[in-house]
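Colleague: Can you keep this structure in mind? I'll have questions shortly.
The values are calculated or read from the model by the stated rules, or taken from the named source; none is laboratory data. Given the structure is predicted, the values throughout are model-derived calculations rather than measurements. A quick note on method: Cβ atoms are made from the backbone with ideal geometry, for glycine too, and the neighbour counts reach across all protein chains shown.
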């Protein structure tokens with residue numbers, strides 16, 4: 001009977017002491033890690049306390065500017081993507097052809113100092129006023145964007161007004177878009193709209 005009691009006590013000690021030993025080792029490791037982290041925080045605090053309030057303000061201003069710039073880039077990208085999806089919804093164009101229209105809008109933005117989203121808006125106006133069939137010919141749509149931007153230069157940069165003037169005059173004079181645009185594009189080196 002004494003051997004059973006001894007065996008049970010040894011098993012109990014082994015089953016309790018082994019996990020407690022593991023916890024103690026983990027706590028010792030965490031203590032060392034905590035001490036190292038505390039030392040790093042103290043060093044950072046020491047360096048931070050040596051900075052003048054002006055330097056701290058400059059650092060904050062730099063971080064704020066960086067934050068605004070990142071938000072601006074994200075906003076521009078989101079606006080461009082939404083405009084591109086709107087053009088796709090009007091025309092039914094997807095994939096490479098849609099990317100081509102996006103590239104045309106970017107090229108117009110570079111050439112005229114506007115934004116790609118504004119040029120996609122010009123494409124949307126042209127498509128909604130003249131019909132989505134003009135979207136079948138990306139080159140013709142690109143030319144309309146270029147002509148609207150060119151006319152806008154004479155209208156204090158009013159691209160929307162220039163687009164309205166172009167589309168209204170085309171509708172008023174009943175320009176046959178399918179025939180006329182194809183012929184003008186074929187002769188694009190000789191004729192300017």
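Colleague: Take residue 66 and decide whether it is surrounded by 12 or more Cβ atoms within 10 Å (Cβ to Cβ), in a helix (DSSP H, G or I) and under 20 Å from the mean Cα position of the chain (by Cα). Please lay out each step first, then the result.
Modeller: Values: surrounded by 12 or more Cβ atoms within 10 Å (Cβ to Cβ): no; in a helix (DSSP H, G or I): yes; under 20 Å from the mean Cα position of the chain (by Cα): yes.
When the stated conditions are applied, residue 66 does not pass them.
Let's see how each residue does on (1) touching a helix residue (DSSP H, G or I) at 6+ places or on another chain (Cβ under 7 Å); (2) modelled with pLDDT under 85; (3) within 25 Å of residue 131 (Cβ to Cβ); (4) assigned to a helix (DSSP H, G or I):
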| site | (1), (2), (3), (4) |
| --- | --- |
| 76 | no, yes, no, yes |
| 103 | no, no, yes, yes |
| 106 | yes, no, yes, yes |
| 110 | no, no, no, yes |
| 117 | yes, no, yes, yes |
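Colleague: Any idea which of 98, 130, 120 is within 18 Å of the chain's Cα centre (by Cα) and within 25 Å of residue 156 (Cα to Cα)? Steps first, answer last, please.
Modeller: Details: 98 fails: within 25 Å of residue 156 (Cα to Cα); 130 fails: within 18 Å of the chain's Cα centre (by Cα).
Within the list 98, 130, 120, the selection yields 120.
Colleague: Same structure again: Does the stretch 117-141 hold any residues that are over 15 Å from residue 88 (Cα atoms) and surrounded by 15 or more Cβ atoms within 10 Å (Cβ to Cβ), and which are they?
Modeller: Those that are over 15 Å from residue 88 (Cα atoms) and surrounded by 15 or more Cβ atoms within 10 Å (Cβ to Cβ): 118, 129, 130, 140.
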